[in-house]
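Each remark here refers to the structure printed beneath this line.
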Amino acid sequence: MGCNPSREARGDARGGMAPPADRSPESEVPRPRLSRSNTQYYTRVHEAAMAEIFRAGSGLVGLVNLGNTCFMNACLQCLAHAVSLADYFLGYEWHAEINESNPLGFGGEVARAFGQLMEAMWSQKAAIVPKTFKAAMSKSAPMFAGNEQHDAQELLTFLLDALHEDLNRCKSKPYVKAVECDGTDQELCAAKAWAGYLKRDRSIIVDLFQGQLRSTVVCARCGHSSISFDPFMYLSVPVVQASGGAPLDVEQCVEKFSAEERLDGDNAWFCDKCKARVQASKRIELWKLPPLLVVHLKRFSFDARGRAAKISTYVDFPLLDLDLAPYCQSPQRDPPLYDCFAAINHHGEVGMGHYTAYAKNRVDNRWHLYNDSKVSDVARADNVKTADAYVLFYSRVVVDGVSKIHKGLRSDTPNNRSVSTQSVDSASSLSSPTNRVIVRRQSISLPHLWPHYRDEPDPDLATLPLRVSSSLQDAKPQHADKKRKVSSSTVSTRGSPN
């Protein structure tokens, strides 16, 4: 099976479009439902409610290759093992959130096809033929029609954005003025930018996958700077061999992601003070991190003639306790500690490759290899880490708002870790009832649920919700652009969804 590197890989995109959400559920047997009475959380359902869905052997089903669709199958397996995303589609009334009038969506077709496939993947034993889902994708994005080879990251980006727009709780897309930040009170500026984004985009995808980046551009002539805060849905990090042939790890890739770059020549920056295009420096840094973090390793490079080549450098990545605190430029509401739960692999070279996926099953708590219709056990957890790793999926490690490593709940054996220490962002029915798992639904009217708020003595952060609420201005209505983009990098708050 072959693959083509995504168009995103050709540029210097550092992130992706992201989405948001708002309401809370309390589950009951036999089928947990989304409660309309509470608008703050998606609450983990009781074990009995999900027992019918998640039982021994669940989730160990392959997907039949329909002709060069290994890229699609690998993406679907990883998303199916994102616990909180799977719970949303399997345990809640997500149909009620379909936005059929959204011109940027697909009338709910993608969401319905994805939801049906999730149910099949967690209830059937025999390999599934994903024809209905493939047809929905082909109709929504003609580029995925037929049997052409495609890049898994490009498909993943489109799918998450399509799910977001199909489930976007915003019924209109008002005009949102860009937030101007002079460098002072950056937490407030970032929160106001987030509020502006939520006016146009709120969905389960935003709640789970979206974070925020800080972009700083400084004029080399006069020193004037421009600071903006933009949402992202994945981190696209460079894969560059360390000097002297030293081992390379994902933390170094994340660090390189935030390295300063020079803007000159055709990329010169227009300085508002100099009133001219000038040489400048630019830096993009992590500001707020999401519950589920997708890390795309940029393994495809292009020369001046546009010829692609694959970077096969081995990148080490932790299966437990990826600590991103050193790379965050803002305090995090929850400790930025992550566990890996899935990975997309690309085997081979450009145009002659094949995709597979590794995923950790929530029922048996073990890693498995998903190779189209074939599913096999992974003998050792460390076998997941190979030079073919292309897209990594991480879930934030928190139990009731407290880092597990601080509570002494960690296990030294990744493939045999107790499910009672499930992530707070993974709405697992298998974890202990005392460890209540929540996902905060993002809402304009509830700023205390935003990632910018922290319940601690810091007076600036403690009063942030009130300060944001008092500073928000009324927005003028504006119709959404009916021409959608299949993929993009960082989303500007100037024209991005709420």
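The rows are residues; the columns are (1) open to solvent by less than 20 Å² (accessible area, probe 1.4 Å); (2) hydrophobic (A, V, I, L, M, F, W, C); (3) within 30 Å of Ala309 (Cβ to Cβ).
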| residue | (1), (2), (3) |
| --- | --- |
| Ala82 | yes, yes, no |
| Ala113 | yes, yes, no |
| Ile128 | yes, yes, no |
| Gly183 | no, no, no |
| Leu188 | no, yes, no |
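Report, by residue number, each residue of the stretch 301-325 that is modelled with pLDDT under 90 and either open to solvent by less than 30 Å² (accessible area, probe 1.4 Å) or not in a loop (DSSP other than H, G, I, E, B) (or both).
Those that are modelled with pLDDT under 90 and either open to solvent by less than 30 Å² (accessible area, probe 1.4 Å) or not in a loop (DSSP other than H, G, I, E, B) (or both): Ser301, Phe302, Ala308, Ala309.
Is it true that Glu148 is of a type outside the set (Val, Ile, Thr), farther than 20 Å from Gly59 by Cα and not in a loop (DSSP other than H, G, I, E, B)?
no
Residue-by-condition table, conditions (1) open to solvent by less than 20 Å² (accessible area, probe 1.4 Å); (2) among the polar types (S, T, N, Q):
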| site | (1), (2) |
| --- | --- |
| Gly348 | no, no |
| Met352 | no, no |
| Ala359 | yes, no |
| Val363 | no, no |
| Asn371 | no, yes |
| Ala379 | no, no |
| Asn383 | no, yes |
| Thr386 | no, yes |
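Looking at this structure, is His150 in contact with a strand residue (DSSP E or B) (Cβ under 8 Å, 6 or more places away or on another chain) and modelled with pLDDT under 95?
no
Is there any pair with a first residue in the stretch 321-337 that is on the phi > 0 side of the Ramachandran plot and a second that is loosely packed, with under 15 Cβ neighbours inside 10 Å whose Cβ atoms are under 9 Å apart and which are 6 or more apart or on different chains, and what are they?
Hits for this filter: Asp321/Ile405.
Give me a count of the residues in the stretch 367-381 that are in a helix (DSSP H, G or I) and either within 20 Å of Val239 (Cα to Cα) or of a type in the set (Phe, Trp, Tyr) (or both). Full working, then the answer.
Quick first cut of the stretch 367-381, residues in a helix (DSSP H, G or I) only: 381.
Narrowing the set further to residues that are either within 20 Å of Val239 (Cα to Cα) or of a type in the set (Phe, Trp, Tyr) (or both) leaves none.
Qualifying residue count, the stretch 367-381: 0.
Going through Ser123, Ser101, Ser58 one at a time, which residue ends up being of a type in the set (Ser, Thr, Tyr), part of a loop (DSSP other than H, G, I, E, B) and open to solvent by less than 20 Å² (accessible area, probe 1.4 Å)?
Selected residue: Ser58, the only one of Ser123, Ser101, Ser58 that is of a type in the set (Ser, Thr, Tyr), part of a loop (DSSP other than H, G, I, E, B) and open to solvent by less than 20 Å² (accessible area, probe 1.4 Å).
Any chance you could count how many residues in the stretch 64-80 are modelled with pLDDT under 95 and under 17 Å from Ile205 (Cα atoms)?
Of the residues in that region, 0 qualify.
Of the conditions (1) part of a helix (DSSP H, G or I); (2) open to solvent by 10 Å² or more (accessible area, probe 1.4 Å), Leu163 fails just one. Which one is it?
With (1) part of a helix (DSSP H, G or I); (2) open to solvent by 10 Å² or more (accessible area, probe 1.4 Å) applied to Leu163, the lone miss is (2).
Condition test on Lys192, is it crowded, with 22+ Cβ neighbours inside 10 Å and of a type in the set (Lys, Arg)?
In short, yes.
Residue by residue, here is whether (1) farther than 30 Å from Pro174 by Cα; (2) in contact (Cβ under 8 Å) with a residue 40 or more places away in the chain; (3) under 22 Å from the mean Cα position of the chain (by Cα) holds:
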site: Asn102; (1), (2), (3): no, yes, yes
site: Met118; (1), (2), (3): yes, no, yes
site: Ala126; (1), (2), (3): yes, yes, no
site: Met137; (1), (2), (3): no, yes, yes
site: Glu148; (1), (2), (3): yes, yes, no
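Based on what the data block shows, is Asp339 acidic (Asp, Glu) and over 17 Å from the mean Cα position of the chain (by Cα)?
It is false that Asp339 is acidic (Asp, Glu) and over 17 Å from the mean Cα position of the chain (by Cα).
Matching residues to (1) in contact with a Phe, Trp or Tyr (Cβ under 8 Å, 6 or more places away or on another chain); (2) assigned to a loop (DSSP other than H, G, I, E, B); (3) closer than 17 Å to Cys253 by Cα:
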| position | (1), (2), (3) |
| --- | --- |
| Arg333 | yes, yes, no |
| Ala342 | yes, no, no |
| His346 | yes, no, no |
| Glu349 | no, yes, no |
| Tyr358 | yes, no, no |
| Asn365 | no, yes, no |
| Asn383 | yes, no, no |
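Just to be sure I understand, how many residues within the stretch 354-394 are closer than 18 Å to Lys298 by Cβ and acidic (Asp, Glu)?
1
Which pairs have Cβ atoms under 6 Å, sit 6 or more apart or on different chains, and link a residue in the stretch 58-72 that is farther than 23 Å from Arg366 by Cα to one that is outside any helix (DSSP H, G or I) and acidic (Asp, Glu)?
From the stretch 58-72, the pairs are Asn65/Asp372.
The values are calculated or read from the model by the stated rules, or taken from the named source; none is laboratory data. Just so it is clear, the model here is predicted, and its values are computed rather than measured. Cβ: placed from backbone, ideal geometry, glycine included. Neighbour counts: every protein chain shown. Just the protein is used for accessible areas: all its heavy atoms, side chains included, with ligands, DNA and RNA removed. Shrake-Rupley method; radii C 1.70, N 1.55, O 1.52, S 1.80 Å.
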